[in-house]
Amino acid sequence: MTPRFFVATGFLMVGMAGASLAHAAQPTEQQVEQDFGHLSQDGLRSFADVDIAGRAIAVGNISTAKDALKDANRSLLHAQRDNHQFMLQESELHPASRVPDGHSGRLPSADQSSGRVGWLPILGEYIEKDPTQSQPDHAKALADANSKLKSGNTKEAAASLSKAGENVEFVLAVAPLKDYQAIVHRASELLTAGRTGPAMDALTEAQESVRFVSQDFTVAADGKTLQPVPATSAPATSAPATSGSAAPASGN
């Protein structure tokens, strides 16, 4: 499996409770604040740590990778109590217009018939819905807006978005929390055992479990208002191991 890691620090991390994720026109300052204000802090931190760990393994900095995964596991334990989670089948997720350039993960499948799972919003960004309609000044304004929002400057982000035209979509990345947590824990265990190849594969698997969506998640497919996943008490122990066995070694 070829590792492809998100540039997490360059990606806007936002939540979605009460916010429309596909904007029909340029987002207002209030809309931008909603997009930014519902961030899952634990999801954001864990996903950034996964990115750091993968990059550290790639250059042989195993100590940094171990520290990053330790922090990721801790954040994912806390995320069990995060009411930004929502319950849906993958087939109920509304696909974004496309996967943002340079990122792992994929659009949700309408044919996926697995049961309802808890999805955690972990990052997102404004993109051009149709890249073929891109204009240099619009692309520059969009990049500037994402940079401003990354630092929490919603007023200036909205001002930049007003110069980006109407070919704008907010794309949210969501992860299946339980599966994602288990895969990250497996990567940590593999790395501790010195199995860097399988650990890298596991990190890539975690990132590829992400789905890119664009929808107002306050209303489900059946027309009912979505409710957040009830908060649970995260255990004080380390993250749970997966039920399956670790992958065979593919290199160190």
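The values are calculated or read from the model by the stated rules, or taken from the named source; none is laboratory data. Every value quoted in this text rests on a predicted model; they were computed, and no experiment measured them. Ideal geometry is used to build each Cβ from the backbone, glycine not excepted, and the neighbour counts take in all protein chains shown. Side chains included, ligands, DNA and RNA excluded: accessible areas come from the protein's heavy atoms. Shrake-Rupley method; radii C 1.70, N 1.55, O 1.52, S 1.80 Å.
A few points about this structure:
- Charges were assigned to the Cβ only: +1 to each Lys and Arg, -1 to each Asp and Glu. The resulting dipole of the stretch 103-202 about its Cα centre is roughly 320 debye.
- Each residue of the stretch 141-152 was assigned a 3J(HN,Hα) from its phi angle through the Karplus expression (A = 6.51, B = -1.76, C = 1.60, θ = phi - 60°), giving 5, 5, 4, 5, 4, 5, 5, 5, 5, 4, 8, x Hz with x at Gly and Pro.
- Multiplying the residue separation of Q133 and K178 by 0.36 nm and removing their Cα-Cα distance gives an extension gain of 12.4 nm.
- Full-stretch length increase - Q30, K150 - with 0.36 nm per residue and alpha-carbon distance subtracted: 41.6 nm
- Apolar share of the accessible surface for the stretch 69-214: 47 percent from carbon plus sulfur atoms, 1.4 Å probe.
- Sequence-distant residues sharing a close amide H with H94 (under 5 Å, placed H): S214
- Legend: residues T192, T64, T204, sorted from most to least accessible area (1.4 Å probe; ligands, DNA and RNA excluded), read T192, T64, T204.
- Per residue, the accessible area of the stretch 70-224 comes to 41 Å², computed with a 1.4 Å probe over protein heavy atoms only.
- Heavy-atom accessible area ranking, 1.4 Å probe, most first, across S97, S160: S97, S160
- Shape category assigned to the stretch 36-113 from the gyration tensor of Cα positions, a/c cut at 1.5: oblate
- In this simple spin-label approximation, A143 and S91 carry label points 7 Å from Cα along the Cα→Cβ vector, and these lie 4.2 nm apart.
- Treating r as the C-beta distance of R81 and V59 and R0 as 45 Å, the FRET efficiency rounds to 0.85.
- Assuming charge only on the beta carbon of Lys and Arg (+1) and of Asp and Glu (-1), the dipole of the stretch 146-209 about its Cα centre is about 300 debye to the nearest 20.
- Theoretical gain in end-to-end length, E166 to S109 [0.36 nm per residue, Cα-Cα removed]: 17.8 nm
- Listed pairs K148/K178; K66/K140; K66/K148; K129/K150 exceeding 25 Å between Cα atoms: K148/K178; K66/K140; K66/K148
- Dipole of the stretch 42-148, positive end: most advanced residue of V99, Y126, L76 [Cβ charges, Cα centre]: L76
- Measuring only protein heavy atoms, the 1.4 Å probe finds L107 accessible over about 60 Å².
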